[in-house]
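Structure first, commentary second.
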Amino acid sequence: MPRPVEKLVSLTINGNEVQAPAGMMLADAALKYGDVEIPVFCYDAKIGPPVGACRMCLVEIEGIPKMQAGCSVAVTDGMVVHTDTPTVKAAQEAVLEFILINHPLDCPVCDKGGECPLQDNAFGWGGGLSRFIEPKRHFEKPLALSPLIAIDRERCILCYRCVRYSQEVAEDFQLVLEERGADTFVTTFDGHPYVAPFSGNIIELCPVGALTSRPYRFRARPWDIEQAGSVCTLCPAQCNVSFSVRDERVLRVLGRDHEGVDDGWLCDKGRFAYQAIHVDQRITAPMLRDGGQLRPVTWEIAIEAAANLLSHAGANTGALVGGETTNEEGVLLTHLMRETLGSHDLDSRPGGALELELLRALNAPTLQASVPDLQYAHAVLVLDCEPVDDAPILDLRLRKGVRHHGVKLLIGSSRPSALDERAAHSARFAPGCGEAFAAALGAELAGQPSASLAEAAGADPADVVALATELREAGEEVVILWGERLTAGPRRNEGARALLNLAQELGLDGQDGGGLLEIPSGTNSRGLREVGVLPNASIGLGDAATVGRDSEQIGEALAAGDLSAVILLHSDPLLDQPSSALWQRALGKASAVIAHAAFLTPAVLEHANVVFPAESYAEKEGTVVHPDSRVQRLRRSIARQGETRAEWALLAELAARIGNDPKALTCSMVSARIFEQVPFYAGLSLDLIGGVGIRWSEREAAASFPAAPAAPFTLDPPPAAASPNGLLRLGSFRSIWASPDVEASPALAFLHPRQRVELSPADAERLGIAHGENVTVASNGDSVTGLAHIRAAAPDGTVFLQTSIPEGSAALLEGPLVEVKRS
Amino acid sequence: MAWDPEKDVIEVIRGPQKAGGAGGLYRAFGETLRGLKTTFGQLRMGVDTIQYPEQKIPVYPRFRGRHQLHRFEDTGLEKCVGCSLCAAACPSDCIRVVAAENTPEHRVSAGERYAAVYEINLSRCIFCGYCEVACPFDAITMGHEFELSDANRSDLIFTKEMLLAEPIERTPLRAEGE
Ligand code: SF4
Ligand code: SF4
Ligand code: SF4
Ligand code: SF4
Ligand code: FES
């Protein structure tokens, strides 16, 4: 449904005329437009419609004989509201006295103390005295609601916020209220711990200290900490966060509500993986391999060693750049590679480069959808990605769109999606066949035969017809949320063309409220491409003077001995690249591996000659670009831990030692250079980006985006999906928890995934495999073991394994078919 | 405006040109003698100096000297729960509290939390007593000790152990009616 049009109404609040948008709840309107605070407990606009559970917000409205709940009454024209009459005052005092009857006097030991809405409301609106002398209700406390959340039921004021969040926002349906009256308590439906990708949000929602963070437990008081705003760079969603800092340590992460990015929520990875900043296993000093062992050395020795290795290798150096790299670091790396070493072999895309023309077409500002578009579009097609794993916070946005704005959600993916049950229609295709599926959908929309294409994709032709019908009938505002997987693999260019044709069929170019939105594989993938960290593009997606090798070719050239050194900037090819075997060979052969890493991930541990400590995201400064083209700014929030140094400065120093000083004295100097050199960033500045970022595609400078070829393209017929023939198709996915930061965070480590083998019940029965058994998956002599996970929704004939985990990753196997048996 | 020397008239008052007998004598010594009368008059009153540090003035019960942290007499647990309210109240920001959680095996205070670190930087403390007022558990009180000089600033950061220890009473307390 398109965005609602705002209509203003006038009302009177405490004698003052106020204009507010029609339909807004009185409590919000009074605060925002009338500067009058109506105290609330249970209401929070971001959870959805009010329930009126606590009665804290009572106000008088002329013409209505009884007091009304200000959170549940929408403003209307001519409404006359009083919030400061003796009646209202008496009601507020009575409600607070009532709420405090059973509330323990825990403030000194309660983690919410000092930032507690109940304290604030009691202080601001309460009567100050209690007449209640009877014993209060008692529950066992403190208890763990999950390994991450502590629950204290005595403190709960039964506002329903957490339960409504679980039921209506995260839709994990785990939290419920049990019993009646004063005995009511919050618990999970089945009594199991509340473990979900977004569970941590209830800590911030709870208006009292009933739900508190266990990792933050008793760490600090609001007056002991400072809040430092920055951006979470653990996934492409780039949620806006605020670090609570005490004594140069990040003690917790809170959301910094941004409607255009995260809608006020965080996933549990973003909320708790900050712990990885302060663990002992983090690399905080430079290391050098000496006698087969990595040993800490001084900076001088490490820089000298790296500079020597690099000048020795010269143009025979390759570089892989990971998604957590900022634009500034990316630009300095291109300077080091192209201008200093004379090598053009650098890449930030795993699995090979895309034709530059296609990359431009996919990133064109006219085709760009924004994150809020997901919530207001007529239809959203989720294509070859799983939001909850790839950019978690978008999952909540899609659910909100479906629930509150009637968005028609359509899904085309190979692995069953968590969003399937909210979708108007979902279709499955064989892993790696996104291209054929997009082509089939495009053909069907164009009125051409699609059945053979659908079959080539391993999809049901009826599904393709149904999706196309839904898309055609939905309306013109359509967003395609697509995963980088669609344009990875050997047929990546054809995948991009099929997607662009599909967008063209739907008329998305120039469509307001619709377009394409990519979920890239790395946090700042988009920014890195735009500043030219690609083998075939220069800064600003211009043509590269010399086209270098892409990530796949770098691996091959290393293995063949054509390249001798490789820089791994925040990248571990054994975790990120599609083929582990290739990179095992490549790194084994490389004579110099220089890694910038925070943890000793497999490639670093086994192959790096020089390791530089990587800054954590709380220590970094620089800019990153959100997949919807929002340029955001990272601010340094804590002192760098240990001996860690600024990485942009290190890259500049390396180039200077080798003999070509980039003359970068501060990080903001590099940012300014980027804004000057990228034509479509023209006029940007760090001040303009500020705390909320700015979408470059909405600015005038976007007109200077390089021209791209227009769809439709003639498509090369896609090859048919491999038919299983007794074996199974191999599908892979990267779990939200597959990250070294999750593994290193003590509180989150229990979520760090081990390999599991997802099978359909029919396949499992055929192979005689039971849920939870150890199974081996093998292809071409390589094998991986994991626990069998039988999933009813899994499509027959396909097995899904995880990638990006240190042991037994799916990247060890060569598809498309694998053999699965009990081990 | 330029300075006009004519306007700055300095008036010089001189004594009589001739000394002149008794009047002259009085003018010369009279005032001195008057002053000496006060001086010799004081001799009668005896000595009032306190020979500190051998002698000390007793302090009033409400005197605000060095802080003390307290334990429950029966259980021996610390009264302080590490709530940090004293730190919030302190105008000179000289209290640092880092809390931790009590476990059944390691119980330090009576509540859920306890102060793992409790430090007062006495070189910054202004002895206002706000911390004592803020504490919801009477865990911290102002004692009577004021002899706190030290040769080293960092020795003036008093740790929890120092504050919990029974203070050496070096200062006599003023008795009722004293
Ligand atoms: S636990 Fe907190 S959020 Fe949930 S009902 Fe109780 S007071 Fe409300
Ligand atoms: S969704 Fe991504 S960016 Fe947002 S908090 Fe989670 S990991 Fe961070
Ligand atoms: S007496 Fe005053 S200045 Fe000294 S610690 Fe207490 S509150 Fe702070
Ligand atoms: S001394 Fe009192 S106010 Fe200070 S932390 Fe301990 S209990 Fe809280
Ligand atoms: S805030 Fe209105 S009833 Fe709770």
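Since every read-out is calculated from the coordinates, none of them should be taken as a lab result. Keep in mind that this is a model prediction, so the values were computed, not measured. Note that each Cβ is placed from the backbone with ideal geometry, even for glycine, and that neighbours are counted across all protein chains shown.
What is the ratio of the Cα radius of gyration of the stretch A:147-207 to 2.2 N^0.38 Å, with N the residue count, to two decimals?
Working: Rg = 10.7 Å, N = 61, 2.2 N^0.38 = 10.5 Å.
Normalised Cα radius of gyration, the stretch A:147-207: 1.02.
Just the Kirkwood number for the protein assembly as shown, please: inverse of mean 1/r across all distinct Cα pairs, in Å, one decimal. All intermediate terms of the calculation are to be shown ahead of the outcome.
Values: mean 1/r = 0.0306 Å⁻¹.
In the protein assembly as shown this quantity evaluates to 32.7 Å.
Figure the gain on full extension for A:Arg137 and A:Lys89 (residue separation times 0.36 nm, minus the Cα-Cα span) and round it to one decimal in nm.
Working: separation 48, 0.36 × 48 = 17.28 nm, distance 2.71 nm.
Gain in length upon complete extension: 14.6 nm.
Any lysines with Cα under 28 Å of the A:Lys663 Cα? List them, leaving off those in the same chain fewer than 8 positions away.
Here the lysines satisfying the reach criterion relative to A:Lys663 are A:Lys620.
Within the stretch B:8-80, which chymotrypsin sites (Phe, Trp or Tyr not before Pro) sit in a loop by DSSP and count at most 15 neighbouring Cβ atoms inside 10 Å?
Sites meeting the loop and neighbour criteria: B:Phe72.
Too long at a 21 Å Cα-Cα cut-off: which of A:Lys112/B:Lys160; A:Lys7/A:Lys89; A:Lys7/A:Lys32?
Numbers: A:Lys112/B:Lys160 25 Å; A:Lys7/A:Lys89 32 Å; A:Lys7/A:Lys32 16 Å.
Violating the 21 Å limit, Cα to Cα: A:Lys112/B:Lys160; A:Lys7/A:Lys89.
Could you please state, rounded to a whole Å, how far the C-alpha centre of the stretch A:420-442 is from the C-alpha centre of the stretch B:113-140?
Taking the Cα centre of each part, the stretch A:420-442 and the stretch B:113-140 sit 64 Å apart.
Averaged over A:221-227, how many beta carbons belonging to a partner chain fall within 10 Å of each residue's beta carbon?
Numbers: counts 8, 2, 6, 7, 0, 0, 0.
Counting Cβ atoms of other protein chains within 10 Å of each residue's Cβ and averaging gives 3.
What ranking, highest mean first, results for peptides A:66-73, A:732-739, A:138-145 when packing means the other Cβ atoms within 10 Å averaged over each residue? Present the calculation step by step, with values, prior to reporting the outcome.
Values: A:66-73: 20.0, A:732-739: 22.0, A:138-145: 15.0.
Going from most to least packed, we get A:732-739, A:66-73, A:138-145.
For each of A:Tyr33, B:Tyr114, A:Tyr617, count neighbouring Cβ atoms within 10 Å of the residue's Cβ, then give the residues from fewest to most. Mind dumping the intermediate values first?
Numbers: A:Tyr33 18, B:Tyr114 23, A:Tyr617 28.
Going from least to most buried by this count: A:Tyr33, B:Tyr114, A:Tyr617.
Tell me the relative contact order for the stretch A:728-822 as a rounded percent, counting alpha carbon contacts under 8 Å between residues six or more apart. Numbers along the way, then the final one.
Numbers: 203 pairs, mean separation 38.8, N = 95.
Contact order relative to length: 41 percent.
Starting with the fewest neighbours, write out A:Ile519, A:Ile790 ranked by other beta-carbon atoms found within 10 Å of each beta-carbon. Intermediate results must be reported in sequence, preceding the final value.
On the way: A:Ile519 25, A:Ile790 19.
Listing A:Ile519, A:Ile790 from fewest to most nearby Cβ atoms yields A:Ile790, A:Ile519.
If I take all pairs of Cα atoms in the stretch A:728-822, what percentage of them are more than 17 Å from each other? Write down the numbers at each step before the final one.
Details: 2063 of 4465 pairs.
Tail of the P(r) past 17 Å holds 46 percent of the pairs.
When DSSP assigns beta bridges and you keep just the ones with both residues in the stretch A:241-396, what percent turn out antiparallel, to the nearest 5?
Details: 10 of 12 bridges.
For the stretch A:241-396, the DSSP antiparallel bridge percentage is about 85.
Pop the C-beta distance of A:Arg585 and A:Trp223 into the FRET formula with R0 = 45 Å and round what comes out to the nearest 0.05. Display every interim value, and only then the final one.
Details: r = 56 Å, r/R0 = 1.25.
So, using R0 = 45 Å, E works out to roughly 0.20.
For the protein assembly as shown, what proportion of DSSP beta bridges, expressed in % and rounded to the nearest 5, is antiparallel?
Numbers: 73 of 122 bridges.
Percentage antiparallel, nearest 5: 60.
Under a crude label model (7 Å from the Cα following the beta-carbon direction), how far is A:Glu819 from B:Leu25 in nanometres?
Calculated label separation equals 13.9 nm.
Along the Cα→Cβ direction, 7 angstrom out, place labels at A:Ala793 and B:Arg153. What is the inter-label distance in nm?
6.2 nm
To test your reading of the geometry: what angle, between 0 and 90 degrees and rounded to tens, separates the Cα axis of helix B:21-43 from the longest principal axis of chain B?
With both axes taken from Cα atoms, the answer is about 20 degrees.
Around B:Ile157, under 14 Å between beta carbons, what's the net of Lys plus Arg minus Asp minus Glu among the other residues?
Working: positive: B:Arg66, B:Arg96, B:Arg124, B:Arg153, B:Lys160; negative: B:Asp93, B:Glu119, B:Asp150, B:Asp155, B:Glu161.
Combined, the nearby Lys, Arg, Asp and Glu give 0.
Subtracting the Cα-Cα distance from 0.36 nm times the residue separation, let me have the gained length for A:Asp35 to A:His771 in nm, one decimal. Present the calculation step by step, with values, prior to reporting the outcome.
Values: separation 736, 0.36 × 736 = 264.96 nm, distance 5.82 nm.
Stretched fully, the A:Asp35-A:His771 segment lengthens by 259.1 nm.
How far apart, in nanometres, would the label points at B:Lys37 and A:Arg289 be if each is projected 7 angstrom from Cα along the Cα-to-Cβ direction?
Once both label points are built, they end up 10.3 nm from each other.
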